[in-house]
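Q: Sharing a structure with you now.
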Amino acid sequence: MSPIQTDVAIVGAGPAGLLLARMLQLQGIETVVLERRSRDYVLGRVRAGIIEQPVAELLAELGVGERMLADRLVHDGVQLQHRAGDRMVRDRIDFAALTGKTVTVYGQRELVRDLIGLREADGLPLRFGAEVIGIDGLSDDRVAVRYRDEAGENTISARYVAGVDGAHGITAQLLDAGERQTLQRSYPAAWLGVLVEAAPPSHELIYARHPEGFALASMRTPEVSRLYLQVPAGDTLADWSPDRIWEHLHRRLDLPGSPVNEGRFLESSITPLRSVVHRRMRYGRLLLGGDAAHVVPPTGAKGLNLAVADMTQLSRRLGRALLRGDEAALDGYQESCLHRVWQVTHFSWWMTDLLHRLESDEFGEQLRTEQLRTLADGGPLAQWFADSYTGLPLAPWQ
Ligand code: APR
Ligand code: PHB
């Protein structure tokens with residue numbers, strides 16, 4: 001059988017791959033999206049739920065925002081809870097006052113559903129249960145992407161391949177460790193997350209620093225909470241009975257008059273905390289982005305937003321290469337992404353370090369306490385926090 005021909009083969013139907021497909025479609029560029037998981041699996045996966053303002057604006061511009069704009073919750077601040085003297089306080093960081101910007105609370109699962117719905121409605125190729133197993137010809141005129149699905153093995157011939165197959169994908173693995181130029185940090189902690197059928201304790205997110213560890217009260221809707229607890233790295237869900245989870249959520253988050261509301265668990269999961277940056281994002285005709293190129297710890301919910309920033313760069317540069325024959329546009333891809341990657345890696349690391357209990361060191365504790373006080377003053381540190389949280393500007397996507 002002769003291989004299927006396309007402009008760009010996209011490996012992975014996460015938010016990065018699906019959004020890139022949309023941006024290329026709007027430029028008139030053909031794509032095929034290959035996803036190893038089933039459609040139901042991809043639609044059911046619970047991920048973070050905070051969308052930066054520039055990303056929300058981009059989604060609306062791309063025609064992906066209809067349901068998001070109708071159903072989202074717009075937040076113009078967050079609460080940072082911590083001990084001050086002998087009591088717990090909640091300081092509010094006022095995004096609107098500090099930056100004029102807001103964030104959108106809308107589950108990543110919903111966004112993925114919207115993107116898949118549009119792609120399918122447009123009748124464009126998106127193959128589930130299609131696992132990429134190899135890529136050949138990265139320095140030739142065309143690349144051959146080999147994949148396996150229920151019909152057996154097949155090949156797609158493309159001008160370029162987007163490696164947006166997440167933190168456990170194949171594309172980065174095709175290169176040896178030295179080529180990837182990886183820098184990473186692991187943290188001795190993980191997040192246990194529960195999706196709960198109950199109203200959140202506040203109309204805003206509460207990030208809590210507590211002597212027993214970090215906790216976060218987020219939400220998906222006014223009736224559904226998303227709650228997280230810092231747990232030791234290596235713990236499994238079997239270590240955490242529902243009673244134990246509630247006990248810790250109450251201890252770390254409750255303030256008088258503002259308790260966490262209990263309800264049925266709709267989902268629970270454990271996510272390790274780590275930072276990874278592969279400093280090589282391009283190998284000939286293969287371009288990496290999103291979690292395949294870098295992973296941030298979940299504090300601050302930057303994973304999706306950073307993936308989108310990569311995709312605006314990749315979309316514009318692939319447009320230049322494929323529509324105008326300007327292949328050199330792709331030479332700048334990695335360089336143009338990495339500054340933001342490091343800014344966001346720093347922000348996510350900083351917020352993780354500020355709010356978690358990672359080691360008991362009185363010196364470090366004092367530094368964190370003083371930073372929380374400085375943030376509460378609303379000066380330049382709060383300004384930087386609000387700017388970073390609500391999102392740096394995005395580059396044009398075309
Ligand atoms: N062949 C085809 N698909 C693959 C392969 C493969 N060999 N390996 C992995 N995939 C698929 C995964 O099943 C997954 O659906 O690639 C997809 C990658 O999607 P995400 O993990 O969501 O990665 P990305 O799109 O970069 O996500 C951006 O959102 O929630 C966050 O953690 C996520 O921070 C990340 C961000
Ligand atoms: C979430 O709602 O899942 C969420 C919110 C904020 C974070 C991380 C995750 O910092």
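Q: Just to be sure I understand the model, the point goes 7 Å from the Cα along the line to the Cβ. What's the resulting residue 266 to residue 360 distance in nm?
A: With each label placed 7 Å out from Cα toward Cβ, I get 3.8 nm.
Q: Whole-Hz ³J(HN,Hα) for each residue in segment 148-161, computed from phi via Karplus 6.51 cos²θ - 1.76 cosθ + 1.60 with θ = phi - 60°, x for glycine and proline: what do you get?
A: 10, 9, 5, 7, x, 9, 8, 10, 10, 9, 9, 6, 9, 10
Q: Hey, any idea what % of the chain's accessible area is carbon plus sulfur with a 1.4 Å probe? Walk me through the numbers before you get to the answer.
A: On the way: 8020 of 16500 Å².
That share works out to 49 percent.
Q: Here's a follow-up. Can you give me the C-alpha center-to-center distance between segment 19-85 and segment 204-270, rounded to a whole angstrom?
A: Taking the Cα centre of each part, segment 19-85 and segment 204-270 sit 24 Å apart.
Q: Something else now. Could you sort 288-297, 175-184, 304-313, 64-73 so that the peptide with the highest average Cβ count within 10 Å comes first and the rest follow in order?
A: 288-297, 304-313, 64-73, 175-184
Q: Is it possible to state the helix-based mean residue ellipticity at 222 nm for the chain, with each DSSP H run of 4+ residues giving -39500 (n - 2.57), the sum divided by total residues, to the nearest 500 deg cm²/dmol? What is it? Mind showing how you got there, number by number?
A: Details: 12 runs with 139 residues, N = 398.
Taking each H run of at least 4 residues, the total per residue is -10500 deg cm²/dmol.
Q: Normalized C-alpha radius of gyration of segment 185-273, against 2.2 N^0.38 Å?
A: After normalising by residue count via 2.2 N^0.38 Å, the value is 1.01.
Q: Using packing as a proxy for protection, rank 362-369, 163-170, 211-218 so that the peptide with the highest average count of other Cβ atoms within 10 Å comes first.
A: Values: 362-369: 11.9, 163-170: 21.9, 211-218: 20.2.
The most tightly packed comes first, giving 163-170, 211-218, 362-369.
Q: Okay, next question. If r is the Cβ-Cβ distance from residue 186 to residue 346 and R0 is 22 Å, what FRET efficiency results, to the nearest 0.05? Numbers along the way, then the final one.
A: On the way: r = 17 Å, r/R0 = 0.75.
The formula returns an efficiency of 0.85 here.
Q: Once you have the Cα-Cα distance between residue 323 and residue 377, take 0.36 nm times their residue separation minus that, and quote the gain in nm to one decimal.
A: Difference between extended and current length: 14.4 nm.
Q: Ignoring ligands, DNA and RNA, what accessible area per residue does segment 185-273 give at 1.4 Å, in Å²?
A: Working: 3710 Å² over 89 residues.
Accessible surface, normalised per residue, equals 42 Å².
Q: Over all distinct alpha-carbon pairs, what is the Kirkwood Rh of the chain in angstrom?
A: When all Cα pairs of the chain are included, the Kirkwood radius is 21.9 Å.
Q: How far, in degrees from 0 to 90, does helix 108-121 lean away from the longest principal axis of the Cα atoms of the chain, to the nearest 10?
A: Here the helix axis deviates by roughly 30 degrees.
Q: Moving to a separate point now. For segment 326-342, just list the computed ³J(HN,Hα) in residue order, Karplus coefficients 6.51, -1.76 and 1.60, θ = phi - 60°, integers in Hz, with x standing in for Gly and Pro.
A: 8, 5, 5, 4, 6, 4, x, 4, 4, 4, 6, 7, 5, 5, 5, 3, 6
Q: Let me ask something else. Determine the sum of side-chain charges near residue 281: Lys and Arg each +1, Asp and Glu each -1, restricted to other residues whose C-beta is under 10 angstrom from that of residue 281.
A: Within the 10 Å Cβ shell, the charges total +2.
Q: Could I ask something else about it? Summing Lys, Arg as +1 and Asp, Glu as -1, what charge do residues with Cβ under 12 Å from the Cβ of residue 225 carry, residue 225 excluded?
A: Summing Lys and Arg as +1 and Asp and Glu as -1 gives -1.
Q: Could you give the length gained by full extension between residue 197 and residue 87, i.e. 0.36 nm per residue of separation minus their alpha carbon distance, to one decimal place? Write down the numbers at each step before the final one.
A: On the way: separation 110, 0.36 × 110 = 39.60 nm, distance 2.96 nm.
Additional length available on full extension: 36.6 nm.
Q: Subtracting the Cα-Cα distance from 0.36 nm times the residue separation, let me have the gained length for residue 136 to residue 74 in nm, one decimal.
A: Difference between extended and current length: 17.8 nm.
Q: Further question: Keeping all protein chains in place and using 1.4 angstrom, which order do 250, 75 fall into by accessible surface area, from largest down?
A: 250, 75
Q: Now, a different point. Report the Cα centroid-to-centroid distance between segment 116-146 and segment 295-342 in angstrom, as an integer.
A: Taking the Cα centre of segment 295-342 as reference, the centre of segment 116-146 is 19 Å away.
The values are calculated or read from the model by the stated rules, or taken from the named source; none is laboratory data. It should be emphasised that the depicted structure is a prediction, and the values quoted were computed from it without experimental measurement. For neighbour counting, all protein chains shown are included, and Cβ atoms are generated from backbone atoms with ideal geometry for every residue, glycine included. Surface accessibility is based on the protein's heavy atoms, side chains included, excluding ligands, DNA and RNA. Shrake-Rupley method; radii C 1.70, N 1.55, O 1.52, S 1.80 Å.
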